[in-house]
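Chemist: Take a look at this one; I'll ask things after.
Readers should treat all values here as calculations from the given coordinates under stated rules, not as data from a laboratory. Keep in mind the model is a prediction, meaning the values are calculated, not measured. Cβ placement follows ideal geometry from the backbone for every residue including glycine, while neighbour counts extend to all protein chains displayed.
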Amino acid sequence: MNGARRTERGMPPPKRKIARSAQPPNARVNGFSRPFSNMQVMSWFLIPLFFLDFYAILFPVMPDSCKYALAGIYAVVGLTLVVGVLRASAINPIDSSTNCDDPSVSTRCNVCQRTVRKSTKHCRKCKKCVEKFDHHCETLNNCIGKKNYPSFLAAVIACTLLSTFQLACTVYVIIRFVNDLGGFKEALASAYGQSSDAGLRAGVVLGFACFGALFLIPPAMAAMEVLLFHIYLIRHNITTYEYLSGQHKKNMAKKKAQMKNRKQMMMRDQQTQASKQASARNQGGCCASICRACCGAGGAGQLPTPRTDTML
């Protein structure tokens, strides 16, 4: 009714403020929205495989004095990893605050045509604006922003601790097999029962332990690298997107400076060649002038006419 009255009076109807909490029609909700990424599906198999390797292969041959304490620590860290991964994947990081027209704190998204915060960026994979966008994680199949960054960081810390801890336990098992084969067999016998092929079983366990050690090195190094990188970002109070954007700007500025230097060098070379050609022309003109002065007006190549009269 108010809009009709304003129209009758010649005044435009009031503009409706569209709430930014509305999910764009084609946007992905969270990390469990299809399609699933290859890294995400791989993580669903790797995490249970890590747990199976620890409790079935490494735990039985751990020292009796601390094996249960180590198993408890591993369980706590592993549960932190699982909860962090699930929360970071399940949370929708979309910018869901109320509409704000203040240009000092808001801007306009050119893709979804919504008013968002200046720290909000549009993810083209998820097709939505993410508040304080950090990056799109393929392992979680979700964008990492303000809402799920704590869960993501907890998962990264837990993954680093878990992989490093399990790698250390694997190294201990290998060392114990080499130095104390009898105790190694007894530990397996107490865990799985007596066997006539105790040596073969010990060798199989050692093979799985060595394979696990080789398999654990890449994820442990990758998790450590990601953790150190995000510690650097937190210390400088920037996001991954801002860091990469800054690096891109630096590279572009460096390329522009290199192109400018090349142009200046080419101009110098051209000026040098022009000056050399001018000096060569000047030297040729001086030589011709000297020849004309010495040989007369007839030219540099004309000989003087000999005298025919003789004196007796």
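Chemist: Suppose R0 equals 30 Å. What FRET efficiency, 1/(1 + (r/R0)^6) with r the Cβ-Cβ distance, do Asn237 and Ala90 give to the nearest 0.05?
Modeler: Here the calculated transfer efficiency is 0.65.
Chemist: In addition: Quick one: what does P(r) look like for segment 20-240 with 5 Å bins over all Cα pairs, in whole %?
Modeler: 1, 7, 13, 15, 14, 11, 10, 8, 6, 5, 4, 3, 2, 1, 0, 0
Chemist: Summing Lys, Arg as +1 and Asp, Glu as -1, what charge do residues with Cβ under 12 Å from the Cβ of Gly183 carry, Gly183 excluded?
Modeler: -1
Chemist: So, how do all the Cα-to-Cα distances of segment 151-195 break down into 5 Å bins, in percent, from 0 on up?
Modeler: 5, 20, 15, 16, 13, 10, 9, 7, 4, 0
Chemist: Right, something else. Starting from the Cα of Val204, move 7 Å in the Cα-to-Cβ direction to define the label point; list residues of segment 37-56 whose amide nitrogen is under 15 Å from there.
Modeler: It comes to 56, nothing else.
Chemist: Would you mind calculating the gained length between Gln264 and Tyr172 on full extension (0.36 nm times residue separation, minus the Cα-Cα distance), in nm to one decimal?
Modeler: Stretched fully, the Gln264-Tyr172 segment lengthens by 26.9 nm.
Chemist: Please give the net charge around Gly207, taking every other residue with its beta carbon less than 13 angstrom from that of Gly207, where Lys and Arg add +1 and Asp and Glu add -1.
Modeler: Here the count lands on 0.
Chemist: Does segment 132-288 classify as rounded, prolate or oblate by the C-alpha gyration tensor (a ≥ b ≥ c root eigenvalues; a/c under 1.5 gives rounded; else a/b over b/c gives prolate, otherwise oblate)?
Modeler: It is oblate, given that a/c is not under 1.5 and a/b is not larger than b/c.
Chemist: For segment 63-177, what ratio Rg/Rh do Cα atoms give with a Kirkwood hydrodynamic radius?
Modeler: Using only Cα positions, Rg/Rh for segment 63-177 is 1.22.
Chemist: Further question on the same structure: Rank the residues Val226, Val156, Val29 as a footprinting-exposure proxy: fewest other Cβ atoms within 10 Å of their Cβ go first.
Modeler: Placing the least packed residue first, the sequence is Val29, Val226, Val156.
Chemist: Considering only the other residues whose Cβ falls under 14 Å of the Cβ of Ile174, what net charge follows from Lys and Arg at +1 and Asp and Glu at -1?
Modeler: -1
Chemist: To continue, here is another question. So between Lys249 and Lys67, what do we pick up on full extension, going 0.36 nm a residue minus the alpha carbon distance?
Modeler: So the chain would gain 60.3 nm between Lys249 and Lys67.
Chemist: Would you mind ranking Ile73, Ile91 by Cβ crowding within 10 Å, fewest neighbours first?
Modeler: Taking fewest neighbouring Cβ atoms as first place, the list is Ile73, Ile91.
Chemist: Sticking with this structure for a sec: Which of rounded, prolate, oblate describes segment 204-271, given a ≥ b ≥ c as roots of the alpha-carbon gyration tensor eigenvalues and a/c under 1.5 marking rounded, otherwise prolate only if a/b is larger than b/c?
Modeler: It comes out oblate by the Cα gyration axes.
Chemist: At a Förster distance of 35 Å, what's the computed FRET efficiency of Ala191 paired with Asn26, Cβ-Cβ distance as r, to 0.05?
Modeler: Rounded to the nearest 0.05, the efficiency is 0.10.
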